[in-house]
């Protein structure tokens, strides 16, 4: 099996010295949910969910209102988080023959890319990942090949399995659960995924409490199909059941109206367990915890049928498809009760974590992400580091945001929008501001020129994805 690589003899040999190093290297935890929309957290106005732990986390830290996934889909968003680059730049904007990577795809995140896990590992951090990967299921692309010393989880979404509602078309193999690089189960009980990944994450924290660690927790939920553990509905979930008045029939049928709030509540409970573990171990004061999601929700409306403030959903470059709920907490370092409406993105987690760890960044490639520690730490006058942010859908740039202005040239609602006055993107004001349209169109063209993106969407300066000659489906090893 051969892998297409970038060909650098030593990617770390060309690193810059870090801009600054912390006196004490903080632990860094990234909790990442799947398809949890901007309004699917209580503090963001989600009356259809109950998220006391996330709400408290925001009160003790900072709530970011204008934080973006660089793409409205699973695989590209995760590539952006891992590499600090636009998914298009690393050729991970799509799978080989589908918008995301599927089982047995020959494509994956190139092992020659420098991931956040590799950067933190080089800085002396223990690295662990527990949850959904979705950046290539071939042995050459697994998390253990991308800087994670420990991995327990799924290679892709939990709906890529024989019970898919379109299985006759897709013919998916059994869903593998891996421990490291070994398949230990096929088709694991989806009701227990949130619970199992949380338990392994807590075990990781306990074992590494005396050294700096980087923990990545990409939970598979609330991506459909929705599942919640029986233990939760019989225990901690009673508060949600009572608040929303679900009927026994709704719960038994896994009715979305009833199930979605419970799934989100169990994820919130997981966050609470992580935060309580840090406090119990006495490492709360030296741990940065970031919560975010990979893209917008799967539906246009909330699970209770009410309208969302942000238009659009997963797969779309409307605000609802790409703006995600994001909270950061680090007692003593991030002032409590902050709310920031400055533009920031998933790409920024890598350079920010590297800065705090005193780690170096590669100089042999372009990183689009920025160090947003000035924003998170409440530095007076701190502004968004983005002159322009670009909205990608698959290989196409569909929109750009500059300040409060968003120009969509493709997608569901082409036009110019003032997001500070019209976050729902209802009023196209392009005719009223023709010079602003020209200015933002120029930004898109400049970015395309920078990447040498041609009319056929081919990209001259994009870094290659990884490919294997003969892809396989992960199964029990003989």
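Among (1) over 22 Å from residue 133 (Cα atoms); (2) surrounded by 24 or more Cβ atoms within 10 Å (Cβ to Cβ), which single condition is residue 280 missing?
(2)
Okay, residues lined up against (1) surrounded by 16 or more Cβ atoms within 10 Å (Cβ to Cβ); (2) in contact with a strand residue (DSSP E or B) (Cβ under 6 Å, 6 or more places away or on another chain); (3) within 21 Å of residue 448 (Cβ to Cβ):
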residue: 330; (1), (2), (3): yes, yes, no
residue: 355; (1), (2), (3): yes, no, no
residue: 367; (1), (2), (3): yes, no, yes
residue: 400; (1), (2), (3): yes, yes, yes
residue: 408; (1), (2), (3): yes, yes, yes
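Going by what's in this entry, would residue 202 be described as touching a residue at least 40 places away in the same chain (Cβ under 8 Å), out of contact with any strand residue (DSSP E or B) (no Cβ under 7 Å at 6 or more places or on another chain) and over 17 Å from residue 30 (Cα atoms)? Break it down into steps so the answer makes sense when it comes.
Details: touching a residue at least 40 places away in the same chain (Cβ under 8 Å): yes; out of contact with any strand residue (DSSP E or B) (no Cβ under 7 Å at 6 or more places or on another chain): yes; over 17 Å from residue 30 (Cα atoms): no.
No; evaluated as a whole, the condition is false for this residue.
Determine if segment 94-103 includes at least one residue that is surrounded by 23 or more Cβ atoms within 10 Å (Cβ to Cβ), modelled with pLDDT of 95 or more and within 24 Å of residue 354 (Cβ to Cβ).
So far as segment 94-103 goes, no, none of its residues is surrounded by 23 or more Cβ atoms within 10 Å (Cβ to Cβ), modelled with pLDDT of 95 or more and within 24 Å of residue 354 (Cβ to Cβ).
So that you can scan it fast, the table gives a plain yes or no per residue for (1) over 30 Å from residue 104 (Cα atoms); (2) in contact (Cβ under 8 Å) with a residue 40 or more places away in the chain:
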{"position": "383", "(1), (2)": "yes, yes"}
{"position": "428", "(1), (2)": "yes, no"}
{"position": "432", "(1), (2)": "yes, no"}
{"position": "463", "(1), (2)": "no, yes"}
{"position": "467", "(1), (2)": "no, yes"}
{"position": "471", "(1), (2)": "no, yes"}
{"position": "475", "(1), (2)": "no, yes"}
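Is there a residue being in contact (Cβ under 8 Å) with a residue 12 or more places away in the chain and on the phi > 0 side of the Ramachandran plot anywhere in segment 410-420?
yes
Just to check your reading of the model, which residue among 449, 379 is part of a loop (DSSP other than H, G, I, E, B) and over 30 Å from residue 162 (Cβ atoms)? Full working, then the answer.
Numbers: 449 fails: part of a loop (DSSP other than H, G, I, E, B).
It is 379.
So residue 339 ticks every box in (1) buried (at least 20 other Cβ atoms within 10 Å of the Cβ); (2) in contact with a strand residue (DSSP E or B) (Cβ under 6 Å, 6 or more places away or on another chain); (3) more than 17 Å from residue 31 (Cα to Cα) but one. Which box is left unticked?
(1)
Can you name the number of the only condition in (1) part of a strand (DSSP E or B); (2) within 30 Å of residue 463 (Cα to Cα); (3) over 26 Å from the mean Cα position of the chain (by Cα) that residue 391 fails?
(3)
Check 81, 54 and return the single one that is more than 30 Å from residue 362 (Cα to Cα), surrounded by 24 or more Cβ atoms within 10 Å (Cβ to Cβ) and touching a helix residue (DSSP H, G or I) at 6+ places or on another chain (Cβ under 6 Å). Working first, answer last.
Details: 81 fails: more than 30 Å from residue 362 (Cα to Cα).
On inspection, the qualifying residue turns out to be 54.
For residue 369, all conditions in the list (1) in contact (Cβ under 8 Å) with a residue 40 or more places away in the chain; (2) over 23 Å from the mean Cα position of the chain (by Cα); (3) in the same structural domain as residue 93 (by TED's automatic domain parsing) hold save one; what is the number of the exception?
Unmet condition: (2).
Looking only at segment 73-80, decide whether some residue is in a loop (DSSP other than H, G, I, E, B), farther than 23 Å from residue 221 by Cβ and touching a residue at least 12 places away in the same chain (Cβ under 8 Å).
Residues of segment 73-80 that are in a loop (DSSP other than H, G, I, E, B), as a first pass: 73.
So of that shortlist, the ones also farther than 23 Å from residue 221 by Cβ come out as none.
There is no residue in segment 73-80 that is in a loop (DSSP other than H, G, I, E, B), farther than 23 Å from residue 221 by Cβ and touching a residue at least 12 places away in the same chain (Cβ under 8 Å).
So is residue 461 within 26 Å of the chain's Cα centre (by Cα), more than 30 Å from residue 177 (Cα to Cα) and not in a loop (DSSP other than H, G, I, E, B) or not? Before the answer, list the steps.
Working: within 26 Å of the chain's Cα centre (by Cα): yes; more than 30 Å from residue 177 (Cα to Cα): yes; not in a loop (DSSP other than H, G, I, E, B): no.
Judged against the criteria, residue 461 is not a match.
For segment 328-362, how many residues are farther than 25 Å from residue 114 by Cα and under 18 Å from the mean Cα position of the chain (by Cα)? Before you say what the answer is, go through the steps one by one.
Narrowing segment 328-362 to residues farther than 25 Å from residue 114 by Cα: 329-342.
Right, trim to under 18 Å from the mean Cα position of the chain (by Cα) and you get 329.
Looking only at that region, the number is 1.
Among the strands (runs of 3 or more DSSP E) contained in segment 120-210, which hold 3 or more residues that are crowded, with 16+ Cβ neighbours inside 10 Å and assigned by TED's automatic domain parsing to the domain that holds residue 275? Break it down stepwise before answering.
Numbers: elements: 126-132, 150-154, 176-179, 182-186.
It comes to 126-132, 150-154, 176-179.
Taking helices (runs of 4 or more DSSP H) that do not extend beyond segment 232-339, which have at least 3 residues that are under 21 Å from residue 58 (Cβ atoms) and in the same structural domain as residue 157 (by TED's automatic domain parsing)?
Numbers: elements: 238-244, 248-252, 256-281, 319-322.
Ranges flagged: 238-244, 256-281, 319-322.
Which residue, of 216, 227, is surrounded by 15 or more Cβ atoms within 10 Å (Cβ to Cβ), in contact with a helix residue (DSSP H, G or I) (Cβ under 6 Å, 6 or more places away or on another chain), touching a residue at least 24 places away in the same chain (Cβ under 8 Å) and on the phi < 0 side of the Ramachandran plot?
Numbers: 216 fails: in contact with a helix residue (DSSP H, G or I) (Cβ under 6 Å, 6 or more places away or on another chain).
Matching residue, one of 216, 227: 227.
The values are calculated or read from the model by the stated rules, or taken from the named source; none is laboratory data. Predicted model, so just to flag it, every value in this text is computed and none were measured. Backbone-built Cβ (ideal geometry, glycine too); neighbour counts: all protein chains shown.
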